[in-house]
Amino acid sequence: MLEQISLLKTGALALGITLDDWQLQQFDLYARRLYEASARMNLTSVPPNEAVVRHFLDSLTLVAAWQPVSGARVLDVGTGAGFPGLPLKIAFPQIRLALLDSRHDPFLFLRPLCAELGIDAVEFIHARAEQAARQVRWREQYDMVTARAVAHLWALAEWTLPFVGVGGVALWMKRPSQRAEVEQAGEHILQLGGSKPQLIEVDVPHSDIVNLLVRVEKVSTASERFPRTTARVLREAKRFKQMPEDDTRG
């Protein structure tokens, strides 16, 4: 793992992030526990020798569009094995992180992992986004909400923007091949209280992968009718032709 740790350290530096020895140890343990758990549950299809680039550095590219500040409330929707939220928390321990997923398995992995890593100020939300976003304790309570998911941006916007407080940002991770989704979702984003999207392309260090970060500021309160049921959102999103996600994530 020494070679992988070296890639992580230099890759993070390329993104303007300095990781100390303890943080590098945390990432090392994260990787080891991820693949141990993946033998029992479906957490990742990425080979172990590619985890640093395709999980950790990929997640840390978020800093190209948003600079973490102490006390900032961050929500990762559809977190799965913790990406991109947990790598961001390891690199910037001063943020307050919430991880949301509708499946139970991710939390069987993430809860003990965070305890072993010595990470605090993490909230685990086992719920569907459409349900959680209607609860006062989570609705419009976050400074930054992110998602690294394969759903069309039209659907992602409805599942995430209701969590963002006015003045905060939503930050979605896409690929350049999916740029058309931004235009297709533009009007819907405005309906949800978002601004015109800002597009930022960033190279994932030590790879030929390019991330398209879609950054939207929350400029007004979202209507109480959003988010609607997942079935309805997905049904309406089907009218758009979604560009396939490449296989650099999993």
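Rule-based calculations on the coordinates, nothing more; no lab input. If you're wondering where the values come from, they're calculated on a predicted model, not measured in any experiment. Using ideal geometry, Cβ is built from the backbone for each residue, glycine included, and neighbour counts are taken over all protein chains shown.
Annotations
- Relative contact order of the stretch 138-186, pairs being alpha-carbon contacts under 8 Å that are 6 or more residues apart, as %: 46
- Each principal axis of the Cα cloud of the stretch 1-63 was taken in turn, and the coordinate range along them, longest first, works out to 35, 21, 16 Å.
- Put simply, the C-alpha atoms of the stretch 94-213 give a gyration tensor, and the ellipsoid matching it has half-axes of 25, 20, 13 Å, longest first.
- Listed peptides 101-113, 217-229 by packing density, highest first (mean Cβ within 10 Å): 101-113, 217-229
- Counting neighbouring Cβ atoms within 10 Å and putting the fewest first, the residues F124, F83 line up as F124, F83.
- Relative pair counts by distance (%), Cα atoms of the stretch 1-123, 5 Å bins: 2, 11, 24, 26, 22, 12, 3, 0
- Zone residues, the stretch 126-161, relative to V219, backbone N less than 18 Å from point 7 Å out along Cα-to-Cβ: 157-158, 161
- Cα long-axis angle, helix 180-191 against the chain (0 to 90 degrees, to the nearest 10): 60
- Counting charges near Q131 (Lys, Arg +1; Asp, Glu -1) among other residues having Cβ under 12 Å from its Cβ returns a value of +3.
- Highest average first, the peptides 151-160, 166-175 ordered by how many other beta carbon atoms sit within 10 Å of their residues are 151-160, 166-175.
- Whole-number percent relative contact order across the chain, with pairs defined as alpha carbons under 8 Å at least 6 apart: 18
- Assigned charges on the beta-carbon of Lys, Arg, Asp, Glu; the stretch 1-160 dipole about Cα centre (debye): 340
- In the frame of its principal axes, the stretch 80-162 has Cα extents of 36, 25, 22 Å, reported largest first.
- Under conditions of 37 °C and 0.692 mPa s, the stretch 2-237 yields 184 µm² s⁻¹ as its translational diffusion coefficient, taking Rh as the Kirkwood radius over Cα pairs in the Stokes-Einstein equation.
- Principal-axis tilt of helix 21-38 within the chain, Cα atoms, nearest 10 degrees: 70
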